[in-house]
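The values are calculated or read from the model by the stated rules, or taken from the named source; none is laboratory data. Since the model is a prediction, treat every value here as computed from it, not as a measurement. With ideal geometry, Cβ positions are generated from the backbone for all residues, glycine too; neighbour counts draw on all protein chains shown. These accessible areas exclude ligands, DNA and RNA; they are computed on the full protein's heavy atoms, side chains included. Shrake-Rupley method; radii C 1.70, N 1.55, O 1.52, S 1.80 Å.
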Amino acid sequence: MSNASTIRCLITAGPTREFIDPVRFISNPSTGKMGFALAEAALQAGWNVDLVAGPVDLEEPDGAILYPVTTAKEMFHQVDALFDACDVLIMTAAVSDFRPVRQHAWKEKKHDATMTIEFERTTDILKAVAQRKLGQTVVGFAAETHDLIRYAREKLESKDLDFIVANQVGRAGAGFAAESNEVTLIAADGSSFKIGPASKAVIAKELIALITPERSLAGEVL
Ligand code: CTP
């Protein structure tokens, strides 16, 4: 990654939608703001950017190649197709962990007072592609409501990541849909760097500056 103009960065952003029938789906409140801010910051650093985005209501970053997707399956296929050519993968997307086992072709009618939907796991995109990395720097996000650092470190190890961005969600002023954020970047060697509270644009700029192939940071080992 010595020549900035040659760095190819693959960023995922936003939620996915898993359909129950043509008019109903399960999803999450991700807006894609953090991923799009990272795309902007990477472009400003002179990187090439492939941006795989779930359904979001955001302006396309000028200069990025945008790949719109809807479901976790579509996101997996798109990331899988682009991964080998990238130098850096940053997975900010809030991928649905489960999808309905059956997707009905027609709108389901309400027959009973209760309804049971059976779900199955989606592919863990990050884990699947990280298993075949050949020199790529792979960065995950850990969105947690509690025990942030412990869970983030577990994800870093179990998904074989180079960095993880630990992101507290479920409280005002950080995480999903918030304008600002506060994160801790943790490297594979346990060293860390706290960023924020700051706007998502400022956090994105700092993250792009800190994500290097060295897999290490100057800060405290957590
Ligand atoms: N991720 C992924 N594919 C999935 C689920 C998550 O690639 N099917 C990625 C996310 O984009 C993120 C990281 O894995 O970079 C962690 O996601 P998170 O939702 O915090 O954790 P999970 O691995 O889904 O674990 P859990 O829901 O049990 O906390």
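Numbers at a glance
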{"read-out": "Some residue of segment 163-186 being within 10 Å of the ligand (Cβ to nearest atom) and among the basic types (Lys, Arg)", "value": "no"}
{"read-out": "Every pair of residues 6+ apart whose Cβ atoms lie under 8 Å, when the first sits in segment 85-102 and is open to solvent by 60 Å² or more (accessible area, probe 1.4 Å) and at pLDDT 95 or above while the second is near the ligand (Cβ under 9 Å from one of its atoms) and of a type in the set (S, T, N, Q)", "value": "Asp97/Thr122; Phe98/Thr122"}
{"read-out": "Some residue of segment 153-171 being among the small types (Gly, Ala, Ser) and modelled with pLDDT under 90", "value": "yes"}
{"read-out": "Residue identified as surrounded by fewer than 12 Cβ atoms within 10 Å (Cβ to Cβ), out of contact with any Phe, Trp or Tyr (no Cβ under 9 Å at 6 or more places or on another chain) and in contact (Cβ under 8 Å) with a residue 12 or more places away in the chain among Asp112, Asp62", "value": "Asp62"}
{"read-out": "Entirely in segment 1-52, the strands (runs of 3 or more DSSP E) that have 1 or more residues that are of a type in the set (A, V, I, L, M, F, W, C) and touching a Gly at 6+ places or on another chain (Cβ under 6 Å)", "value": "8-13"}
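Conditions tested, residue by residue: (1) hydrophobic (A, V, I, L, M, F, W, C); (2) at positive phi; (3) surrounded by fewer than 20 Cβ atoms within 10 Å (Cβ to Cβ); (4) in contact (Cβ under 8 Å) with a residue 40 or more places away in the chain.
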| position | (1), (2), (3), (4) |
| --- | --- |
| Leu185 | yes, no, no, no |
| Phe193 | yes, no, yes, no |
| Gly196 | no, yes, yes, no |
| Glu220 | no, no, yes, no |
